[in-house]
1. As an exercise: evaluate Asn322 against (1) in the same structural domain as Leu227 (by TED's automatic domain parsing); (2) touching a residue at least 40 places away in the same chain (Cβ under 8 Å); (3) of a type outside the set (Asp, Glu) and give the number of the one condition it does not meet.
2. Do you know which residues across segment 380-416 are in contact (Cβ under 8 Å) with a residue 60 or more places away in the chain and in a loop (DSSP other than H, G, I, E, B)?
3. Take segment 435-474 and flag every residue that is closer than 14 Å to Val508 by Cα and part of a loop (DSSP other than H, G, I, E, B).
4. Can you tell me which of Leu297, Leu368, Leu364 is in contact with a Ser or Thr (Cβ under 8 Å, 6 or more places away or on another chain), closer than 24 Å to Asn86 by Cβ and modelled with pLDDT of 90 or more?
5. Filter segment 319-331 for residues that are at pLDDT below 95 and touching a Ser or Thr at 6+ places or on another chain (Cβ under 9 Å) and give the result.
6. If I filter segment 214-230 for residues that are over 28 Å from Leu159 (Cβ atoms) and either in contact (Cβ under 8 Å) with a residue 12 or more places away in the chain or assigned to a helix (DSSP H, G or I) (or both), do I get at least one hit?
7. Among what's in segment 231-267 and is part of a loop (DSSP other than H, G, I, E, B) and among the hydrophobic types (A, V, I, L, M, F, W, C), pick the residue that is surrounded by the fewest Cβ atoms within 10 Å (Cβ to Cβ).
8. Is one or more of the residues making up segment 139-151 of a type in the set (A, V, I, L, M, F, W, C), in a loop (DSSP other than H, G, I, E, B), more than 21 Å from Pro278 (Cβ to Cβ) and touching a residue at least 12 places away in the same chain (Cβ under 8 Å)?
Amino acid sequence: MNQQEAANRISHLREELEKHNYNYYVLNIPEIDDYTFDQLMAELIGLETQFPEFSDANSPSQRVGSDLSQEFKQVAHKYQMLSLSNTYTEEEIQEFDQRIRKLTDETFEYVCELKFDGTSISLTYENGLLTRAVTRGDGEKGDDVTSNVKTIKSIPLRLKGDYPAEFEIRGEILLPFSVFEALNSEREEIGEQPFANPRNAASGTLKLQNSSIVSSRKLDAYLYYVLGDNLPDDGHYELLQHAKSWGFKISEHTRKCQTLQEIFDFLHEWNTKRKDLPVATDGVVIKINSTRLQQELGFTAKSPRWAIAYKFKAERVSTRLNSVSYQVGRTGAITPVANLEPVLLAGTVVKRATLHNADVIKSLDLHLGDQVYVEKGGEIIPKIISVDMASRHPMSEPVLFIERCPECNTQLIRLDGESANYCPNETGCPPQIKGKLEHFISRKAMNIDGLGSETIELLFQKNLVRNIADLYDLKLTDIVDLDRMGEKSATRILDSLSTSREVPFERVLFALGIRYVGETVAKKLARELKSIEQIENATLEQLTGVEEIGGKIAESIINWFANDQNRLLIERLKNHGLLFEVKTEQKEGQTEKLKGLSIIISGTFEKFSRDDLKAFIELHGGKNVSSISAKTSYLVAGDNIGPSKLEKAQKLKIPIISEDELLQLTN
């Protein structure tokens, strides 16, 4: 393929992928399946790598994010991002209406829109391209999170139709309920504290230093306010309809209202219907529709005079605490669960509520038989928020966190700085054993077809498996006689176990279930240290030198390999033929011209993306690092370099080179 053919194909693929992204994430009417989409994306990435002269910061390929760390710089808002005044009663909305009517004699209409419970963002578009995304910050300035926002599929990188040359659009970045639940399950699996609600999860995700992780979190966004000069309409509602035609995801439930009664009808309707939405909402925003009148009414010191936020009251019910039970997770973490008298809350019957850890029980001062108040955190997870002390029986017993494992009776431990209590008997505690087996066979790990939690339970009960290596000792006769299992199903399991010997090292490492070593951490370790022997023998300093590996993760890895049973497990898995090192295949153009050099990249570049430069450094034997130290060989500086990195490099007298100078190092 020559250069012109590549340019044409790249342009076509970008248009196709942008169209399919819009159809799937905004219109919710996909035209192709995921496999076909992935094939188109893979072709585009391949061509952009082969022909870097056609690189484009707004290409659909950039949505996968970069695994290089970044520093967020502060950016001043062109228009202040003020908070809205809140109200919880219809009377206060009437007072709001009366205040406006005292300030103007004009006839006006309102717009009611759902108040999404996420994290605020301001997007700037120039000539139809996304150029900057900034958080609310303090209202005057916020963090530039453009690279992270570009990974959100429902935010267009390139607009369509007749849009203004330059404008700003604001909205809310959210984590859908389904993604939130999956994310919390994953966090609990690796021993991390779950997020309290989707809003906290979305906000924390947007501030991650690794945009490839942001991409994997599947954030969503709704846009709700257009700002700028030379806008095509005066009406706020009408501007949103224009924005929808440009490619933005606008809530279809926004409504114009002429009277207060119409506003109240909207509030009553959505106080119930919002529970059926896929994302969290916590109220309704009421705005004057005319943007000209908005400007005339102006602002107070803290909020606009022309808008108010009506907050829904969180639904709360009272019920009886019957007992507290304790669950043991795969990592040994003990999670207390409140068993409640069944009660209807937010449309579902609630019987249980998580208590998270011993500190939560202590802070609530729970007693058995207490009347407790329960809410749904983020409209999902039932949680006890307080106790009705007045109704407590004087002879009721306080809830005391258990001291021994409820499954194996081992004395529990609590590590310094940890919020959870743990059962340390990881090789003899049944829930931990079964949890590790289920994790090992899961799709993102070894992906063993035909095995599931029920089959694992049967194999465990029959004493056929007690650890993950035992799976590879299974024979057809062991499996075929299990309940609901025939020869065909048993053969499929054995075939899948055999095929899993080709699973790449990073997934095998993830499958081992080392605490805190999730999917991303496993990839980082495998890429940097190459083999299980290197990881096993690595010092704390070597492990923390790997990008994004902190002290807590490094100590967990060292402690895991300090266990003789775990090392024996590795040897058994090696004997079964699993991959415990990165396959090193000679790449075209590979040299060792940068061998021994530790190089850090910061800023944006003209010829290559940061990922391309990182791959270039690795291709020539160099090492990419994420932070500057006295051992850093070079800082490759692009535009908009983080000022703290530049200052530290100058202080340590680290050579600062350009993109071209890096290329010259390899001739």
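The values are calculated or read from the model by the stated rules, or taken from the named source; none is laboratory data. Keep in mind that this is a model prediction, so the values were computed, not measured. Heads up, the Cβs are rebuilt from the backbone with ideal geometry, glycines too, and the neighbour counts pull from every protein chain shown.
1. (1)
2. Hits for segment 380-416 are Ile380, Asp388, Val399, Phe401, Ile402, Cys405, Pro406, Glu407, Leu412.
3. Ser442, Arg443, Lys444, Ala445, Met446, Asn447, Ile448
4. Within the list Leu297, Leu368, Leu364, the selection yields Leu297.
5. Result: Gln327, Val328, Gly329.
6. Within segment 214-230 (the criterion being over 28 Å from Leu159 (Cβ atoms) and either in contact (Cβ under 8 Å) with a residue 12 or more places away in the chain or assigned to a helix (DSSP H, G or I) (or both)), the answer is no, since none of the residues qualifies.
7. Checked segment 231-267; the qualifying residue surrounded by the fewest Cβ atoms within 10 Å (Cβ to Cβ) is Leu231.
8. So far as segment 139-151 goes, yes, one or more of its residues are of a type in the set (A, V, I, L, M, F, W, C), in a loop (DSSP other than H, G, I, E, B), more than 21 Å from Pro278 (Cβ to Cβ) and touching a residue at least 12 places away in the same chain (Cβ under 8 Å).
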